[in-house]
Amino acid sequence: MSKRSVAIATASALALAALLAGCAAPSPTPTADASRSAKPTGSPTSSEVPRAADDQARDTITSIVVRPEMLQLMDTNGAEVETISYDASAEQFVGMFTSLMKAEPAITENPGGMESSPTTMYTWDGFELADDHERDGGVSDMNVAVTFTKPQLGPRAITVATIQGFKPGDDLRWLAKYMNEPFNEDADFNQIQAEHGAPIGDQLPGSPYSNSNSVTGQNLYQHEGSVVFAPWNFGIGHV
C-alpha cells in the first residue's frame, strides 16, 4: 500500500461504493472553464522541471493550486512564483512549508504494517505531508503525498484550491456534479477526481479512468468536511 493509501487508509473500504451524483450545493467560483471535462488533462507544465524560489520571492506567494503531479504557488496577480513536484524530497517540502507557515511541523512516525510502508507524517495547521519509506527499494508512486484540510494556510492566509476553485471544506456534491463524477449520498466517504495528469502507463481494461496521477476532493474518516489530496491514481486497482 502506497503513501496515497496512508492519507485515506482508515476510509478506503468505504470508497469502494459510488452511486450517481446528487444535487449540487452552492458552488465555489470556478477558475478554469477547461476543467469542466470529467477527465481533464494535466497541467501543461506538469512535465517541466519544478521551479524554486528564494525567500524574498516566496514572500509574494498568496495562493497554492494543487495539481496532479505538483503544487503551483502563485502571487496576487496569478503569476507562478514557484512549483514543487511530489517527487521532491520531504526535506524540500518541509523547508518550503516551514517558510510559508512560519512554523515547524509536528512529526509523527508510523511503523507501517503488513500492507503499508513505514511513513513519516509532517503536520502543520491545515496541511499534512506524508513521506512513506517503501521497503526493499521498491517505488510504486511519487515520493510524497499532500493533504490540505483548510482553505487558508499560515499567518498570510495563503489560499488553497484545485484548478477549478474547489477548496478544502467545500461541498463534495458540487465537485461531483461539476466533474460529472459519482457521488454516494449514503456513504461516509467519497473521493472525487478533480484533475488528472498525463498517462504514466496503460489504462486498465474496462476502467473509465486514465492511469495517471490525480488531484482529489474527498472526505477523511474522523475529519469534518472535505479535503484536497494528491497524488492519487484512480486508474489502477487499489486494495
Heavy atoms of THR149: accessible area, 1.4 Å probe, square angstrom to 10:
40 Å²
Once the convex hull of the C-alpha atoms of the range 91-135 is built, how many Å³ does it hold per residue, rounded to a whole number?
65 Å³
Net charge near GLN222: determine it from the other residues with C-beta under 15 Å of the C-beta of GLN222, scoring Lys and Arg +1 and Asp and Glu -1.
-3
Summarise the accessible area of the range 155-239 (1.4 Å probe, protein heavy atoms) by the percent that is carbon and sulfur.
50 percent
Write down the radius of gyration of the range 82-183 and its Dmax, each obtained from C-alpha positions, in Å.
15.5, 42
Quick check for you: with a 1.4 Å probe and neighbouring chains kept, what is the accessible area per residue of the range 85-239, in Å²?
44 Å²
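The values are calculated or read from the model by the stated rules, or taken from the named source; none is laboratory data. Quantities reported herein were computed from a predicted structural model and do not represent experimental measurements. Using ideal geometry, Cβ is built from the backbone for each residue, glycine included, and neighbour counts are taken over all protein chains shown. These accessible areas exclude ligands, DNA and RNA; they are computed on the full protein's heavy atoms, side chains included. Shrake-Rupley method; radii C 1.70, N 1.55, O 1.52, S 1.80 Å.
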